[in-house]
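Structure, as structure tokens:
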Amino acid sequence: MIKPQDVDFYNEQGYLLVKGVFNKQEVEEMRTAVGAIIDRAAKVNRDHNAQWQGDFLPPEELKKLVLKGFHDVHYHDASFLRALMHPNMAAVLSQLIGPNVQLHHSKMLVKPPENGAAFPMHQDAPYFPHEKHTMLAASVHLDDANVENGCLHVMPGSHKEGMLPHVGRHYLNAKEYPVSDGVPCIAEAGDVLFFNYLTIHGSPQNRSERNRRNVLFQYRSATDFPTTKEHFDWGMGLMVCGENPHFDRAHPEFTIV
Ligand SMILES: O=C(O)CCC(=O)C(=O)O
């Protein structure tokens, strides 16, 4: 699926857009599943606005924005389990991370038309720091995305800066790191943007008349361990490709009752 020069690009720049990872039918299945999750959440009064809060936008602008965001999507629909371990995904992951790859978590990020959420620039690493920094996000595009409907923006090479101080561990100073300074990752439905958890990224508001639906899977090497005991997610540690060389550390220590 990718060439050695793509792997070099990822290692140098901290991100890689891979075209056509999912076909039209697979995208359509995931779109349907995303809509059904939103409907089921609403039926049990669990619908909520997951737009990030903070001083990165004036309060009057922030309160208009909406994000339909839910975690653990592979517990809600089988299409996501198929997607997160799809042979095309495994082919890319095994080259970017190494032969033994684990899931960390999954989530959906739906930016509705006109007022879809903005994400200030940030690194994901402060949420779930790991020893070897192999962790990466694979953002699966279910719609064509450009600047108008709030596509992801990345700062090339920023993964080499290490973990930076974040406001409340969530986002970087928005004046110092405006989203508009990032490179817009213009993508089509079925494309996947891979970016390291140290790569600075964010996205502007969806100001268009179209949806921007993405599903994000976070992965790591099976030999990369968390440095804190925070942020456990359902399905964390599932083997996506290869084998787990650490029999004794196959899953975090928690009790299932
Ligand atoms: O999908 C996006 O626009 C941004 C998502 C993001 O940055 C995150 O979930 O950390």
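The values are calculated or read from the model by the stated rules, or taken from the named source; none is laboratory data. All values derive from a computational prediction rather than experimental measurement. Reconstructed Cβ throughout: ideal geometry from the backbone, glycine too, with neighbour counts over all protein chains shown.
Per-structure values
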quantity: Filter result (over 9 Å from N196 (Cα atoms) and not aliphatic (A, V, I, L, M)) within the range 1-10; calculated: K3, P4, Q5, D6, D8, F9
quantity: All positions within the range 38-56 that are among the aliphatic types (A, V, I, L, M) and within 18 Å of the chain's Cα centre (by Cα); calculated: A50
quantity: Matching option when the condition is among the polar types (S, T, N, Q), within 16 Å of the chain's Cα centre (by Cα) and surrounded by 21 or more Cβ atoms within 10 Å (Cβ to Cβ), among N206, N214; calculated: N214
quantity: Selection count where residues are without any contact (Cβ under 8 Å) to a residue 12 or more places away in the chain and not β-branched (V, I, T), scope the range 230-257; calculated: 3
quantity: Candidates F70, F22, filtered to the one that is crowded, with 18+ Cβ neighbours inside 10 Å and free of Cβ contacts under 8 Å to residues at least 40 places away in the same chain; calculated: F70
quantity: Filter pass, V140 being surrounded by 17 or more Cβ atoms within 10 Å (Cβ to Cβ), within 29 Å of D77 (Cα to Cα) and touching a Lys or Arg at 6+ places or on another chain (Cβ under 9 Å); calculated: no
quantity: Boolean, K68 is basic (K, R), within 15 Å of the ligand (Cβ to nearest atom) and modelled with pLDDT of 95 or more; calculated: no
quantity: Residues within the range 128-173 that are in contact with an Asp or Glu (Cβ under 8 Å, 6 or more places away or on another chain) and among the hydroxyl-bearing types (S, T, Y), tallied; calculated: 1
quantity: Residue tally, condition surrounded by fewer than 20 Cβ atoms within 10 Å (Cβ to Cβ) and not β-branched (V, I, T), over the range 144-162; calculated: 8
quantity: Residue count for the range 103-125, restricted to those that are small (G, A, S) and over 18 Å from F56 (Cα atoms); calculated: 2
quantity: Residue in the range 15-32 that is part of a helix (DSSP H, G or I), modelled with pLDDT of 95 or more, among the hydrophobic types (A, V, I, L, M, F, W, C) and closer than 16 Å to F217 by Cβ present; calculated: yes
quantity: Only listed residue being closer than 24 Å to Q53 by Cβ and more than 13 Å from the ligand (Cβ to nearest atom), chosen from M163, M155; calculated: M163
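For (1) touching a Cys at 6+ places or on another chain (Cβ under 7 Å); (2) at pLDDT below 95; (3) surrounded by 20 or more Cβ atoms within 10 Å (Cβ to Cβ), each residue gets a yes or a no:
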site	(1), (2), (3)
G54	no, yes, no
N88	no, no, no
I97	no, no, yes
V101	yes, no, yes
H133	no, no, no
